[in-house]
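Have a look at the structure below, then the notes.
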Amino acid sequence: AIKYVTSESLPVLYALEGHGEKKADDSLVSAFNKAGIELKSLNLLSSGAIPEDTECIFVYAPETDLTAQEAAQLTEYLANNGKMLLITDYNSSELTNFTAVMKEYGVSTLDGVVMEGAADRCLSGYPYYILPYANEKSDITKQFNNNSSFVLMPLAQAIVKNSDIRDTVEITDLLTTSDLAYIIQDNSYEKVD
């Protein structure tokens, strides 16, 4: 509230459009507003550039891939201290250019749905409704490290650290499964570590 009253402009979070992204629901928009963040739309194909007032790019479960030009724009933006909040969806198609942008920062996704093998880390009887461990040292997730708060992640997609991470990239695990977690692939229902 103080930031809203004293600041001449609010930080702007641009939601990427044009790839079948999900729309932020009312509760998510409300959370952004309460944090003093303005949410605007961004279509890189029609705008041609990332606006200068961009605090962060928000990509919410895209269904189709970026063009090579859009991937280059995002990569350049991120290389110049830009920020991106990317939420993936387990059933999205092969997104080669999104994958290339993620790889620049040492992460990739695994096909399929995360299943939790530890009975105390999922809803009873529903191993695909996981209750991941929250990193107690991170300002983002430390609030969930008591016995009365949990993060519920239904039908989650795994994001993993790659082995070839640049020296200039630091990755912090925020939410993790137990060592008993595995992946069920969509078509085959095959169990993958």
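The values are calculated or read from the model by the stated rules, or taken from the named source; none is laboratory data. Because the structure is predicted, anything quoted here is derived from the model rather than measured. Note that each Cβ is placed from the backbone with ideal geometry, even for glycine, and that neighbours are counted across all protein chains shown. Accessible surface is based on the protein model in full, side chains and every heavy atom, while ligands, DNA and RNA are left aside. Shrake-Rupley method; radii C 1.70, N 1.55, O 1.52, S 1.80 Å.
Per DSSP H run of at least 4 residues, take -39500 (n - 2.57); add these up for the chain, divide by its residues and hand me the 222 nm value, nearest 500 deg cm²/dmol. It lands at -5500 deg cm²/dmol. Checking every one of the trypsin sites (Lys or Arg not before Pro) in segment 9-54 against DSSP loop status and a limit of 12 other Cβ atoms within 10 Å picks out K23.
Cross-link partners of K161 among aspartates and glutamates, defined as those whose alpha carbon lies under 18 angstrom from its own and excluding same-chain residues fewer than eight positions apart: D89, E104, D111, E170, D173, D179, D193.
Accessible area per residue for the chain, computed on protein heavy atoms with a 1.4 Å probe, is 64 Å². Between segment 97-145 and segment 11-89, the C-alpha centres lie 21 angstrom from each other. Taking the charge dipole of the chain about its Cα centre, with +1 at Lys and Arg Cβ atoms and -1 at Asp and Glu Cβ atoms, the residue from V101, I171, N33 reaching farthest to the positive side is N33. Going through (1) 9, 33, 33, 17, 6, 2, 0; (2) 9, 35, 37, 15, 3, 0; (3) 8, 29, 37, 21, 4, 0, the figure that equals P(r) over Cα pairs in 10 Å bins from 0, in percent as computed for the structure here is (3).
Of all lysines in the structure, the ones whose alpha carbon falls short of 20 Å from that of K23, not counting any fewer than 8 places away in one chain, are K34, K40, K83. Normalised by the number of residues in the chain, the average gap of Cα pairs under 8 Å and 6 or more apart makes the relative contact order 18 percent. Among the chymotrypsin sites (Phe, Trp or Tyr not before Pro) in segment 94-193, those placed in a DSSP loop whose Cβ has at most 11 other Cβ atoms within 10 Å are Y189.
For the chain, the share of DSSP beta bridges that are antiparallel, to the nearest 5, is 50%. Just check segment 32-132 against the gyration tensor rule for me: Cα atoms, a ≥ b ≥ c as the square roots of the eigenvalues, rounded for a/c under 1.5, and otherwise prolate or oblate depending on whether a/b exceeds b/c. Here segment 32-132 falls in the prolate category. Nonpolar atom fraction for the chain, defined as the carbon and sulfur part of the 1.4 Å probe accessible area, stands at 50 percent.
Here is the list for segment 26-65: GluC sites (Glu not before Pro) lying in DSSP coil, each with at most 13 other C-beta atoms within 10 angstrom of its C-beta, are E52, E63.
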